[in-house]
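Report on the structure given below.
The values are calculated or read from the model by the stated rules, or taken from the named source; none is laboratory data. These numbers come from a predicted model, not from an experiment. Every residue, glycine among them, receives a Cβ derived from its backbone with ideal geometry; neighbour counts consider all protein chains shown.
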Amino acid sequence: MEQIQDFFTDLGPIGSSILAFIGGLLLLIVGYFVARLVASLVRNLLKRTNLDNRAAKWLEGEDGIRPFSIEDVVAKVVFWLIFLFFIVGFLQQINLPGVAAPLQSLLNRITTEYLPRLGSAALLLLAAGVIAYILRTIVRRGAAMLNADSWFSKHAALEEGERVSVSESLATAVYWFVFLLFLPAILNALGVQAIAEPIQAVFAQFFGYIPNIFGAAITLLIGWFVARVVRQIVSNLLAALGSDSFGERLGLSGERTLSKMVGTVLYTFILLFTIISALDTLNIDAISQPATMMLTTIIDALPSIFGAALVLVISFYIGRMIANLIVDLLRGVGFDGIPAKLGLSWSGTRQPTDLIGTLIIIGVMLFASLSAAELLGSAFLSDILATFIGFGGQLVLAVIIFAMGLYLANLVRNLILGAGGAQANFTATMARVAILILTTAMALRQLGIANDIVNMAFGILLGALGVAAALAFGLGSREVAGREVERLVANLRGENNENS
């Protein structure tokens, strides 16, 4: 060994350079194998853990394909980082400080600045993962103990048989919320203040609203509990007082009892006031003011809505009672026989008195609807109902006029047929048609349907009847008139002969 060293010493500076190069090359070879060994150890360690798999899931596309392997990337980074130290040593060994200095500066920054930051961020990320895992487990088990999924599936399902998994959703939300809370600290540890500061400002504003959100949640919870208790107490009290039997006479039976309906109405009122109070507690003007105004408008309209509904309900039962009385009265006086007297055949399953009763209920409900619309302050609906009621009155009068005309037409026809005569049948038919035409015109005028057209058609019809009568009279009396004229001419000639 000493002989080899003496040999390179005898070569002078060239020998020293060759010896330094050989030493640097050996260092580089050793560094290469050391870097590969450490990188392989890191890669195998990552394969035995799930950390890399969880991180890789964040990078998966919609098709589930990962763009690269986390283990390979980390192993390559570790390899080049270690090998870079040996490269710097090699450059210093062969006396190339100009090339080694920039790499040495980079390594110094990596070891003194970047690695501590990455280490701090990694520790914070690990702490966030541990805390998130613990909290997710607590929330998941707590929700399972409270049977939250069963309760929400029963009371908050949008479709029949739908299963609502609240526990898993809430646990996942808590898990990622913990990571979100650690995000500003991780970014600060990495030295990325430009991104961390806006996120910190958002978090500061969010945490400033947490007391308001908590207060609103407590308000909603208390209001909901009070509403349920009041509904239960009122429903049971009314049921004990016998209100359900009264409701059965009003047509409320089964699950829709009167006591439950009143309890549900009170439950809704309390919840509405609770929601308004919760929105005020939030103190978010962009949300609370419009929502509060909307709910206030609804609550202000509730007395009118309740009054309108009460008017409709009371009017319906009053109308049904009046209709039953009038139907019984009409049946007593034989109103069901009127169609036969008018010459009409009635083959319906319902009698005419039943139809009259239905029309009476409809009329009463129309007037009640008009009053309800006025209570609601709807001028548009009031005008429509008033117009419809007016037209309904005109229609009733028109039907009465036509019925009277039909009765008179049949009466006149029967009188003419009873009097007898050669043209009794023709005369009776013409009289009946004339009366029906007259009453039809009067009924149409009562409805206000094309008054000018009705007047014109009626005038043309009467004129046609007059002309037809004149022609019939003239053509039928032509021979008689001729004989009378001849007799008159003969008499005039006889008088002239006597005078001459």
Check: Can you name every residue in segment 371-393 that is farther than 26 Å from R445 by Cβ and of a type outside the set (D, E)?
Finding: S371, A372, A373, L375, L376, G377, S378, A379, F380, L381, S382
Note to self: If the requirement is being aliphatic (A, V, I, L, M) and over 20 Å from R117 (Cβ atoms), which of these qualifies: A185, A171?
What the structure shows: A171
Note to self: Restricting to segment 15-45, count the residues that are touching a helix residue (DSSP H, G or I) at 6+ places or on another chain (Cβ under 8 Å) and at pLDDT 75 or above.
What the structure shows: 14
Item checked: Whichever residue in segment 112-150 is of a type in the set (D, E, K, R) and surrounded by 14 or more Cβ atoms within 10 Å (Cβ to Cβ) and, among such residues, is modelled with the lowest pLDDT -> D149
Margin query: For segment 202-230, which positions are modelled with pLDDT under 80 and over 17 Å from L279 (Cβ atoms)?
Written below: V202, F203, A204, Q205, F206, F207, G208
Check: Scanning for something in contact with a Leu (Cβ under 7 Å, 6 or more places away or on another chain), modelled with pLDDT of 80 or more, hydroxyl-bearing (S, T, Y) and over 15 Å from L359 (Cα atoms), does segment 280-303 turn up at least one residue?
Finding: no
Notebook entry, point to check: Got a number for residues in segment 76-103 being surrounded by 15 or more Cβ atoms within 10 Å (Cβ to Cβ) and closer than 15 Å to G24 by Cβ?
Noted result: 14
